[in-house]
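Please read the structure below before turning to the comments.
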2 protein chains.
Amino acid sequence: MSKVFVIGHKSPDTDSIAAAVSYSYLKRQLGVDAVAARAGEPNKETKFALDYFKVEAPVLLESTARKNPDDEKTKLILVDHNESKQCVDGAKDAEVLELIDHHRLGDFETENPIFILIRPVGCVNTVIYGLYKANGVKPSKEVAGMMLSAIISDTVLFRSPTTTDEDKAAVKELAEIAGVDYEAYGMEMLKAGADISDYPAEKLAHNDTKEFEAGGKVFSCGQISVMDLEPIEAKRADIMKVLEETKAEKQYEASYLMVTNILTEDTYLWFTSGAEAAAEEAFGKKAEDRCVYLPKVMSRKKQVAPFLLKVYGK
Amino acid sequence: MSKVFVIGHKSPDTDSIAAAVSYSYLKRQLGVDAVAARAGEPNKETKFALDYFKVEAPVLLESTARKNPDDEKTKLILVDHNESKQCVDGAKDAEVLELIDHHRLGDFETENPIFILIRPVGCVNTVIYGLYKANGVKPSKEVAGMMLSAIISDTVLFRSPTTTDEDKAAVKELAEIAGVDYEAYGMEMLKAGADISDYPAEKLAHNDTKEFEAGGKVFSCGQISVMDLEPIEAKRADIMKVLEETKAEKQYEASYLMVTNILTEDTYLWFTSGAEAAAEEAFGKKAEDRCVYLPKVMSRKKQVAPFLLKVYGK
C-alpha cells in the first residue's frame, strides 16, 4: 500500500502534532507505511516538547488537492479533528482511511465505511495510547514523551474539566516510559507555551484558531494560554485589529479569542464587533468592552464551542 | 443514571435487532441500565432467530420526541446506523450517548464528544463482539446466537463482498458459545427470511428500506433476499405500484428495490419511473423495463448505495 499521512488540524497544537507522531509510529509497528504530517507550524509549546524529546517535526502538507483528476488521491488518517473547516487544505480531494478523535462529531462524512474511533477523553493521545495497548505495542521513549506532552497540554496538567481518570493514568504510565517527572516537565512545557513576549499581534490573534460552522454561519475561535494577563493585555488593541481584519477577509460571522489563564483557571473571551448579543446569549453573561469573563472555563471544546454553536445554529 | 435505549435503524434487519440485544446485554454487564429497543417490526428472518434462541424482541420505540420541552430527553445508543433518515422518529429530540456502526459516516453530528466506534466489517455485531472481548465479557448462549445470526444475515453466510476474516472468526467463536452448527442453522435462517410466499406487495415493496440523502435529494432503497426469483417476479407489478405510490407520497427522487438472489449471488435492481438515467449512470449498465441486472452484487452498503449517492450528490 502507498504512503499514508497521519495529520491533525490546521493551526496545530501539541496534541495534533504529537498524535501525528504517535499514531504514525503505531501504524508503522503494525506494518503500515505511515508518515507523521502537519497542516501548519508547530507552536512554541510544541517546539519545546519536540526539542526536549529530540523528535523531528512532522512533514508539512500544504494541501492534498490533486493537480489532475487522474492523479492518485493522497491517503490520510485524520487525528484530533473531524470538521472540514479544520482539515488540511484540499482534504476533500484526499482519501481518508481512518479518523481518531476526541471532539464532537462535526460535518465529516465518508463514502464508504472506515475505521472511526472517537472517545470523550481529554486528549486524542489518550485514545491513541488505548490503541497501543489494544495492539500490544509499546511506544518508544521519544514517542511516549510526545504523548504525555499532548495530554498535559490538552488537560492543562489535569486542570481542565475535560480531564478524565484515563488521561491521568496514561500520563503516569507514559512518564515511566519517557523517564520524566511529568509535573515538573509539564509546568516547564506550559510555561514555554505561555511565553508570548516576542509574538506579534498577528500570531496571537490566530493562535490555535479553529473554524466552526452552524446554521450556515462560520465563526472562528482561537485560544491562548497565559500565566499572566499583563503582557497580552498590553497588545490587546493590536490583536483586536487583526481579529477584525481576518473576520472581514474570511467573511466570518464573528471571531473569538479565548485568553485562558492556566494558573487562575479562567478565561477572558474576546470577540469582534457585533458579537455582543451572541456571546451574552451563549454564556448568560453581560459583555463588557468586547469581552466576556468566564470563571472556571478552560476548555474550548467543552465549555465554549458547544454554547456558541447552539446560538449560531438557531 | 436513567435508562438508556440501544436501538438500530427503522425497518430493522436481523443485525439491528441483534445489536440492540447484544450491546444492551454488554452494557448491563458493565453496570449501565440499558434496554434493547427497536424502531419497527422484526422481519421473518429475525423472528426465526429470536424464536430459535428464545430471545424476546426488543421493546418498540415509536418515537423519542418529547411532548414538552421540559421533559427529560430519551437517552439512546445508536447501533447499526448513523444517517438521520434511518433513525427512530424524534431522534433529533433525544440524547445520543454512543454510536456503534459499520456503515459509512453520514450526516450524524453531536454537540459534545461521545463514544463513536465505526469499523469497516461485515456486521455491527462483529464490532460489538470486539467490545465484548475488550471488556472481558462473554455473551450468554442466547445473545451469542443472536449475534451469529446477525453476522450470517449481513454477510449472507460469508457470500457478501463485505465479509471480513473477523466476521468469519466471530461466527465460529459465537457458534461454540451458542452450541449450533452455524452453516446448517444459517441456511435455515436465510431460508426463513427468503420466504416471501405470504407477504403482500406492500410489505415486499418496503422490505428493509433505507432512506438516503445526497445533494438535497432523498431516495429510498430496499432489499429483499430470495432463493428463487419466480415468487417475487409474480408479484412485481403490484410491488412496483406500491413503490411508485410511496415515492410520490414521500416525495422521493426515486425508490429502488434490490432483489438479491442469495444462491446465485446477484441482484436485480428495480426502480421507479424516471430513474433510468440515474441507475444507468450509477452502474454503467443499460436499464431494461425499470431494472438493472447486477451480477455478483449483494451488498447495498458496498455495491449499491455509494454509486447512487455519487450520482444524486452531483
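The values are calculated or read from the model by the stated rules, or taken from the named source; none is laboratory data. No experiment lies behind these values; they were computed from the predicted model shown. Ideal geometry is used to build each Cβ from the backbone, glycine not excepted, and the neighbour counts take in all protein chains shown. All accessible areas refer to the heavy atoms of the entire protein, side chains included, with ligands and DNA or RNA removed. Shrake-Rupley method; radii C 1.70, N 1.55, O 1.52, S 1.80 Å.
Being under 27 Å from B:LYS301 (Cα atoms), open to solvent by 20 Å² or more (accessible area, probe 1.4 Å) and modelled with pLDDT under 95 narrows it down to one of B:LYS67, B:LYS92, B:LYS47, so name that one.
The unique qualifying residue is B:LYS92.
Just to verify a result, which residue in the range B:91-104, among those that are farther than 17 Å from B:ASP167 by Cβ and among the hydrophobic types (A, V, I, L, M, F, W, C), is nearest to the other protein chains (Cβ to nearest Cβ)?
So the residue we want is B:LEU99.
How many residues are more than 14 Å from chain A (Cβ to nearest Cβ) and either of a type outside the set (Gly, Ala, Ser) or more than 30 Å from B:MET187 (Cβ to Cβ) (or both) if we restrict to the range B:133-153?
Looking only at that region, the number is 11.
B:ARG28: open to solvent by 30 Å² or more (accessible area, probe 1.4 Å), farther than 28 Å from B:ARG300 by Cα, at pLDDT 95 or above and basic (Lys, Arg), yes or no?
So B:ARG28 fits the description; yes.
Answer with yes or no whether A:ARG104 is buried (at least 18 other Cβ atoms within 10 Å of the Cβ), more than 30 Å from B:TYR312 (Cα to Cα) and basic (Lys, Arg).
Here the answer is no, as A:ARG104 does not meet what is asked.
Considering (1) under 16 Å from A:ILE196 (Cα atoms); (2) open to solvent by 10 Å² or more (accessible area, probe 1.4 Å); (3) touching a helix residue (DSSP H, G or I) at 6+ places or on another chain (Cβ under 9 Å), say which one A:ILE262 fails and leave the rest.
For A:ILE262, the failing item is (2).
A quick yes/no check of all residues on (1) within 14 Å of another protein chain (Cβ to nearest Cβ); (2) in a helix (DSSP H, G or I); (3) within 23 Å of B:LEU26 (Cβ to Cβ):
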{"position": "B:GLY106", "(1), (2), (3)": "yes, no, no"}
{"position": "B:PRO113", "(1), (2), (3)": "yes, no, yes"}
{"position": "B:LEU117", "(1), (2), (3)": "yes, no, yes"}
{"position": "B:THR126", "(1), (2), (3)": "yes, yes, yes"}
{"position": "B:PHE158", "(1), (2), (3)": "no, no, no"}
{"position": "B:LYS168", "(1), (2), (3)": "no, yes, yes"}
{"position": "B:ASP208", "(1), (2), (3)": "no, no, no"}
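List every residue pair whose Cβ atoms lie under 7 Å apart, where the two residues are 6 or more positions apart in sequence or sit on different chains, the first residue falls within the range B:63-75 and is in the same structural domain as B:ALA94 (by TED's automatic domain parsing) and outside any loop (DSSP other than H, G, I, E, B), and the second residue, located anywhere, is of a type outside the set (Ser, Thr, Tyr) and open to solvent by 60 Å² or more (accessible area, probe 1.4 Å).
Filtered contacts from the range B:63-75: B:LYS75/B:LYS3; B:LYS75/B:GLU95.
When the range A:1-57 is examined, which residues are found to be in a strand (DSSP E or B) and free of Cβ contacts under 8 Å to residues at least 24 places away in the same chain?
Passing the criteria: none in range.
For residues that are in contact with a helix residue (DSSP H, G or I) (Cβ under 7 Å, 6 or more places away or on another chain) and buried (at least 22 other Cβ atoms within 10 Å of the Cβ), scanning just the range B:120-131, find the one that is nearest to A:LEU97 (Cα to Cα).
B:VAL121
Considering (1) surrounded by 21 or more Cβ atoms within 10 Å (Cβ to Cβ); (2) without any contact (Cβ under 8 Å) to a residue 40 or more places away in the chain; (3) farther than 21 Å from B:ILE262 by Cα; (4) over 19 Å from the mean Cα position of the chain (by Cα), say which one B:ALA144 fails and leave the rest.
B:ALA144 satisfies all of (1) surrounded by 21 or more Cβ atoms within 10 Å (Cβ to Cβ); (2) without any contact (Cβ under 8 Å) to a residue 40 or more places away in the chain; (3) farther than 21 Å from B:ILE262 by Cα; (4) over 19 Å from the mean Cα position of the chain (by Cα) except (4).
Spot the failing condition for A:LYS54; the list is (1) open to solvent by less than 40 Å² (accessible area, probe 1.4 Å); (2) at positive phi, and only one is missed.
The one condition A:LYS54 does not meet is (1).
Being buried (at least 18 other Cβ atoms within 10 Å of the Cβ) and under 25 Å from B:GLU83 (Cβ atoms) narrows it down to one of B:ALA278, B:ALA248, so name that one.
B:ALA278
Name every residue in the range A:294-309 that is within 14 Å of chain B (Cβ to nearest Cβ) and either outside any loop (DSSP other than H, G, I, E, B) or open to solvent by 20 Å² or more (accessible area, probe 1.4 Å) (or both), in order of residue number.
A:ARG300, A:LYS301, A:LYS302, A:GLN303, A:VAL304, A:ALA305, A:PRO306, A:PHE307, A:LEU308, A:LEU309, listed by residue number.
For the range A:157-179, name all the residues that are surrounded by 22 or more Cβ atoms within 10 Å (Cβ to Cβ) and at pLDDT 95 or above.
A:THR163, A:ASP167, A:ALA170, A:VAL171, A:LEU174, A:ALA178
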